[in-house]
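The values are calculated or read from the model by the stated rules, or taken from the named source; none is laboratory data. These numbers were taken from a predicted model, which means no experiment stands behind them. So basically every Cβ, Gly included, is an ideal-geometry build from the backbone, and we count neighbours across all protein chains shown. Remember, those area values only see protein heavy atoms, side chains included, never the ligands or the DNA or RNA. Shrake-Rupley method; radii C 1.70, N 1.55, O 1.52, S 1.80 Å.
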Amino acid sequence: MNNNERYFSERSKPLKASAIREMFKLMADPAVISLAGGSPAPELFPGEELSKIAGKILMTNPTGALQYGTTDGYKPLKELVAERVRKIGSIKEGDKLIITTGAQQGIDLAAKALVNEGEPVVVEAPTFVGTLNSLRSYQAKLIGVKMDDDGMNMEALEEALKNNNVKLIYTIPTFQNPSGITMSLEKRKKLLALAEQYDAVILEDNPYGDLRFAGTDIPTVKSMDTSGRVIYVGTFSKILSPGMRIGYVIANADFVDKIEVLKQANDVHTPLLTQMMAAEFLKKYDIDQYIEKSRKLYGEKCAFMLECMDKYFPNTVSYTRPQGGLFIMCTMPEGTDSNKILAECLKEKVAFVAGNSFEVDADKPANYFRLNYSTMPNEKIEQGIKAIGKVLKEQLG
C-alpha cells in the first residue's frame with residue numbers, strides 16, 4: 001500500500017501539522033533558543049503541591065480517581081470553577097458548565113456542534129492555529145477579519161456579516177494569540193451588537209485573561225451577553241499546568257448539552273485524577289497567589305524582551321507591546337516572507353513561529369512572526385533577540 005492518501009477523509013486532507021508543534025521537536029536540541037512555543041514557565045508549576053495532592057488522592061480514593069466519571073465533569077471541580085468565573089460575570093442564569101480536556105477540546109466541540117460543511121465562520125486575522133485547524137477539519141469557509149491595535153476591525157467584521165450568512169464568530173479578545181492585542185471595551189460592545197443584529201454566535205476564547213501584568217481588566221464579552229449567544233472557553237493550562245488538560249466551556253444550556261453529547265463520543269470524560277487534583281488544589285491553596293507569581297514573572301520577561309528588541313531590531317520592524325499573556329507579534333515591511341527570515345534564524349539556532357501559521361490561507365507568505373517570552377531565561381532571550389536582529393538587518397537592509 002504505497003498511496004495511502006486516497007484513504008484519508010475529505011475533512012482531514014486540508015490539515016497540516018501545526019508549525020508550533022513541530023517547533024517542540026526543535027526544542028529537544030539544547031543548542032536551539034526557542035522563542036516559538038506558548039508554554040507557561042516551567043518554574044511556575046506547583047509540582048510539589050500537586051505531587052502531594054495526587055499521592056493523597058490515590059492513597060485514600062483510588063477507585064474514585066481511576067474509575068469512569070460523568071461526561072460533564074467532576075462535580076466539586078465544576079462548582080469551584082463556576083464560583084471562580086462568577087466573580088467576573090462569565091456565567092449567567094440559564095448557563096451550564098462542562099469540563100473539557102483542555103480549552104482546545106472545548107473549541108473543537110463547539111465548532112463541531114455548530115458548523116456545517118461550507119458554512120462561513122469569521123475569525124480574527126491572524127488567529128490561533130489550533131482553532132483554524134479545528135474549523136478546517138469541519139470544512140468551514142474561513143473568513144479572516146483584520147486586526148487593529150485595539151482588536152478586530154469592526155467595519156470589516158460588519159462587512160463580513162453583511163455579505164455572508166455567518167453563524168459563528170471566533171475571538172480571543174484578551175492578549176490575543178499571536179498578536180498580544182486586547183480588544184477595547186467599545187469594540188467588545190460593538191461585537192455583541194453586531195452578533196445580535198446578524199444573529200451569530202460568539203465563541204470567546206480566554207486562555208490568557210488571568211495573565212495581566214499591566215493596565216486595567218476589561219469585562220469579558222460573555223459577561224455583557226444578555227441573549228445567551230456567547231460560548232465562553234477557559235482553561236487552567238496557563239495558570240496551573242498545561243499537562244493536566246483541564247479546560248471548561250460555559251454557555252447557554254442548549255449549547256452545552258449538545259457539546260456534552262459530542263464529548264461522550266470523543267473521549268467519554270476528562271481524566272478524573274487530574275480533575276480531582278485541580279479541585280483539591282483550588283480548595284487547599286490560593287490560586288490567585290500562584291497567578292500573581294506568573295503575572296510578575298511574565299511582566300518582567302516581556303519588558304526585558306521588548307528592551308532587547310528596542311536595542312537589536314531595525315526600525316523597519318514594528319511590534320506589539322502587550323499588557324499580559326505570552327506573546328509579542330513583530331511586523332516587517334510589506335512583501336517580506338517570515339518563513340525566509342525563520343530559515344535564516346534557524347541557522348543561528350533561534351526559532352520563532354512564522355506568521356502564515358496563523359492565517360486563513362496558511363500557504364500565503366506573511367510579513368509578521370510571533371515571539372514567546374515565557375519559557376526562556378533572560379540571557380537566552382537576549383541572545384535569541386540579538387541573533388534575530390542580526391538576521392533582520394541583513395535581510396531587510
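A few notes on this one:
- Checking Ala160 against (1) within 20 Å of the chain's Cα centre (by Cα); (2) surrounded by fewer than 24 Cβ atoms within 10 Å (Cβ to Cβ), the condition it does not meet: (1)
- Residues of segment 261-287 satisfying the condition of being within 17 Å of Glu79 (Cα to Cα), open to solvent by 40 Å² or more (accessible area, probe 1.4 Å) and assigned to a helix (DSSP H, G or I): Leu273, Glu280, Lys283, Lys284
- All positions within segment 368-384 that are more than 21 Å from the chain's Cα centre (by Cα) and either open to solvent by 30 Å² or more (accessible area, probe 1.4 Å) or farther than 13 Å from Leu342 by Cβ (or both): Pro377, Asn378, Glu379, Lys380, Ile381, Glu382, Gln383
- Yes/no for Ile250 being within 17 Å of the chain's Cα centre (by Cα), over 30 Å from Tyr68 (Cα atoms), buried (at least 16 other Cβ atoms within 10 Å of the Cβ) and modelled with pLDDT of 95 or more: no
- Residue in segment 203-215 that is more than 25 Å from Lys16 (Cβ to Cβ), surrounded by fewer than 19 Cβ atoms within 10 Å (Cβ to Cβ) and in contact (Cβ under 8 Å) with a residue 24 or more places away in the chain present: yes
- Residues that are under 22 Å from Ile381 (Cβ atoms) and either without any contact (Cβ under 8 Å) to a residue 24 or more places away in the chain or open to solvent by less than 50 Å² (accessible area, probe 1.4 Å) (or both) within segment 347-357 comprise Lys347, Val350, Ala351, Phe352, Val353, Ala354, Gly355, Ser357, listed in sequence order.
- As for segment 92-103, it holds at least one residue that is open to solvent by 20 Å² or more (accessible area, probe 1.4 Å), modelled with pLDDT under 95 and on the phi < 0 side of the Ramachandran plot.
- Selection count where residues are surrounded by 21 or more Cβ atoms within 10 Å (Cβ to Cβ), under 21 Å from the mean Cα position of the chain (by Cα) and not aromatic (Phe, Trp, Tyr), scope segment 321-337: 7
- Of the residues making up segment 216-239, those that are buried (at least 24 other Cβ atoms within 10 Å of the Cβ) and hydrophobic (A, V, I, L, M, F, W, C) are Val221, Val230, Ile231, Val233, Phe236.
- Which numbered condition Thr71 fails, given (1) polar (S, T, N, Q); (2) open to solvent by less than 40 Å² (accessible area, probe 1.4 Å); (3) under 20 Å from Lys238 (Cα atoms): (3)
- Residue list for segment 303-320, filter: out of contact with any Leu (no Cβ under 8 Å at 6 or more places or on another chain) and open to solvent by 40 Å² or more (accessible area, probe 1.4 Å): Ala303, Phe304, Glu307, Asp310, Lys311, Asn315, Ser318
- With respect to the conditions (1) crowded, with 23+ Cβ neighbours inside 10 Å; (2) in a helix (DSSP H, G or I), Met183 falls short on a single one, namely (2).
- Yes/no for Ile328 being under 21 Å from Ser179 (Cβ atoms) and part of a helix (DSSP H, G or I): no
- If you check Leu15, Leu77 for being at pLDDT below 95 and either at negative phi or assigned to a loop (DSSP other than H, G, I, E, B) (or both), only one passes: Leu15.
- Any pair with Cβ under 7 angstrom, 6 or more apart, that starts in segment 60-82 at a residue that is within 10 Å of His269 (Cβ to Cβ) and in contact (Cβ under 8 Å) with a residue 12 or more places away in the chain and ends at one that is of a type in the set (Ser, Thr, Tyr) and open to solvent by less than 80 Å² (accessible area, probe 1.4 Å): Gly73/Thr270
- Residue tally, condition part of a helix (DSSP H, G or I) and within 15 Å of Met276 (Cα to Cα), over segment 221-244: 2
- Residue under evaluation Glu119, criteria (1) over 30 Å from Ala160 (Cα atoms); (2) open to solvent by 10 Å² or more (accessible area, probe 1.4 Å), criterion not met: (1)
- Put simply, of Lys189, Lys146 the only residue that is open to solvent by 10 Å² or more (accessible area, probe 1.4 Å), over 15 Å from the mean Cα position of the chain (by Cα) and closer than 30 Å to Phe352 by Cβ is Lys146.
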